[in-house]
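Structure record follows, encoded as structure tokens.
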Amino acid sequence: MTVPADLDSRFRDAAARSGLLDASYDVIESEVGPLLAAVTDRGLARISFDPEPEHELEALARLAGPRILRSPRALDETRRELDDYFAGKRTAFDLDLDLRGLEGFTLDVLRELAKVPYGATATYGELAARAGNPRAARAVGMVMNRNRIPIVLPCHRIVGSSGQLVGYGGGLERKEHLLRLEGALL
Amino acid sequence: MVAVAPIPPFETFYAEHAPEVLGLLRRRLGSDRAEDAFQETFLRALRAYGRLRHGERLRAWVLTIAARVAIDAHRRAGEPTEELPEIPHLDGRPPYEELAFLTDTLPPKERAAVVLRYGYDLDYDQIAAALDSSQDAARQAASAGVRRLRRRVT
């Protein structure tokens, strides 16, 4: 016996409306591939280029709690803003972010990262300096690599000192794609 | 230390048990009424999920909640109810069978609490969620049931 799709989605909507979920997620199609996105009551907590929920749910449960459900409706605003971004109609996101568990230099770096504007790039060293520690370029690289909310926290805009792309959690092809979309690469 | 099953993400729990829960509710209530009951069952489970201390016997737990939801639906409709949840079993005899002949004269709530506690070995927080009552009330129902049984046996 399978659960009819309309019954299943009615339950998922009701669960999201109930306020009982620690986190809701959905898979959002994009031109850099399907993205798994998750929101909590604090805001957007995760974007993953790996859309397989089983790879993400355990980590999400450790962060937010075990009451996690796929609930497309809860991701409506996130989906809308990402769609607009990929359509070239949005250059900044108006989404609250759930950055719980992050502190100190990591949080300072992510706050500075959020200020790097659409279409611009900065180097790892520059971002380190803006976060108060010009010698910490390598540590900034680590923070970028562990960024839980890529695209919205634009780690794709951070490049090597001579402009080379260096690396990206989602693969260099995606980094290049996002920078071209923003007009930062020709 | 005894390894205890961790609590799975609710999505995993829901995906695993939703078809069986719907099957039970359809048998009890028919297709139409089963839909509301399905939603109510998983919302009750979700409400109690944050209080679970481990992920053991979640199947028996959610089927018990479903059976209680079906009983409530029958009651609201003024229909006669079976008080003891029918819990399909995977193999062998269901654990409550040995208790059934002892407990079938107990008041319904005490019977459900005794069977869930001693037949299924569920914790009181799980029993409370299944009976839609407090943990204290679940504990009291189970111990009242056991006292009543003792008086009868001795």
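Somewhere in segment A:6-26, is a residue more than 8 Å from chain B (Cβ to nearest Cβ) and in contact with an Asp or Glu (Cβ under 6 Å, 6 or more places away or on another chain)?
no
Quickly run through segment A:160-185 and pick out the residues that are β-branched (Val, Ile, Thr) and at pLDDT 95 or above. I'd like the intermediate steps shown before the answer.
Our first condition is that a residue be β-branched (Val, Ile, Thr); within segment A:160-185, this holds for A:166.
Of everything in segment A:160-185, nothing turns out to be β-branched (Val, Ile, Thr) and at pLDDT 95 or above.
Quick check on this structure: which one of A:GLY132, A:GLY169 is surrounded by fewer than 19 Cβ atoms within 10 Å (Cβ to Cβ), under 16 Å from the mean Cα position of the chain (by Cα) and in a loop (DSSP other than H, G, I, E, B)? Steps first, answer last, please.
Values: A:GLY132 fails: under 16 Å from the mean Cα position of the chain (by Cα).
One residue alone meets the criteria, A:GLY169.
Identify, from the list B:GLU11, B:GLU35, B:GLU16, the residue that is farther than 20 Å from A:LEU57 by Cβ and either outside any helix (DSSP H, G or I) or at pLDDT 95 or above (or both).
The match here is B:GLU35.
Give all pairs with beta carbons closer than 8 Å in which a residue from segment B:42-55 that is facing chain A (nearest Cβ under 7 Å) and among the hydrophobic types (A, V, I, L, M, F, W, C) meets a residue that is in a helix (DSSP H, G or I) and surrounded by fewer than 15 Cβ atoms within 10 Å (Cβ to Cβ); count only pairs at least 6 apart in sequence or on separate chains.
Close Cβ pairs (under 8 Å, with a partner that is in a helix (DSSP H, G or I) and surrounded by fewer than 15 Cβ atoms within 10 Å (Cβ to Cβ)) amount to B:LEU43/A:SER18; B:LEU46/A:SER18.
Count, please, the residues in segment A:86-106 that happen to be within 18 Å of A:GLY43 (Cα to Cα), of a type outside the set (A, V, I, L, M) and out of contact with any strand residue (DSSP E or B) (no Cβ under 7 Å at 6 or more places or on another chain).
Here is the first cut: in segment A:86-106, the residues within 18 Å of A:GLY43 (Cα to Cα) are A:92-103.
Now narrow it down to the ones that are of a type outside the set (A, V, I, L, M): A:93-94, A:96, A:98, A:100-101, A:103.
So of that shortlist, the ones also out of contact with any strand residue (DSSP E or B) (no Cβ under 7 Å at 6 or more places or on another chain) come out as A:93-94, A:100-101, A:103.
Number satisfying all stated conditions: 5.
Has segment A:55-62 got at least one residue that is more than 10 Å from chain B (Cβ to nearest Cβ) and at pLDDT 95 or above?
No, segment A:55-62 has no match at all.
Among the residues in segment B:61-75, are any closer than 28 Å to A:ALA61 by Cα, within 14 Å of chain A (Cβ to nearest Cβ), over 13 Å from the mean Cα position of the chain (by Cα) and modelled with pLDDT of 85 or more?
Within segment B:61-75 (the criterion being closer than 28 Å to A:ALA61 by Cα, within 14 Å of chain A (Cβ to nearest Cβ), over 13 Å from the mean Cα position of the chain (by Cα) and modelled with pLDDT of 85 or more), the answer is no, since none of the residues qualifies.
What do you reckon, is B:PRO6 facing chain A (nearest Cβ under 9 Å) and modelled with pLDDT under 90? Step through it out loud before you land on a result.
Details: facing chain A (nearest Cβ under 9 Å): yes; modelled with pLDDT under 90: yes.
Yes, satisfied.
Exactly one condition in (1) more than 26 Å from A:ASP41 (Cα to Cα); (2) surrounded by 16 or more Cβ atoms within 10 Å (Cβ to Cβ) is not met by A:LEU110; state its number.
Just one mismatch for A:LEU110, condition (1).
Quick check on segment A:63-78: of everything there that is among the charged types (D, E, K, R) and under 25 Å from A:PRO154 (Cβ atoms), which residue is farthest from the other protein chains (Cβ to nearest Cβ)?
The extreme case among them is A:GLU77.
The values are calculated or read from the model by the stated rules, or taken from the named source; none is laboratory data. It should be emphasised that the depicted structure is a prediction, and the values quoted were computed from it without experimental measurement. Neighbour counts run over all protein chains shown; Cβ positions are idealised from the backbone, glycine included.
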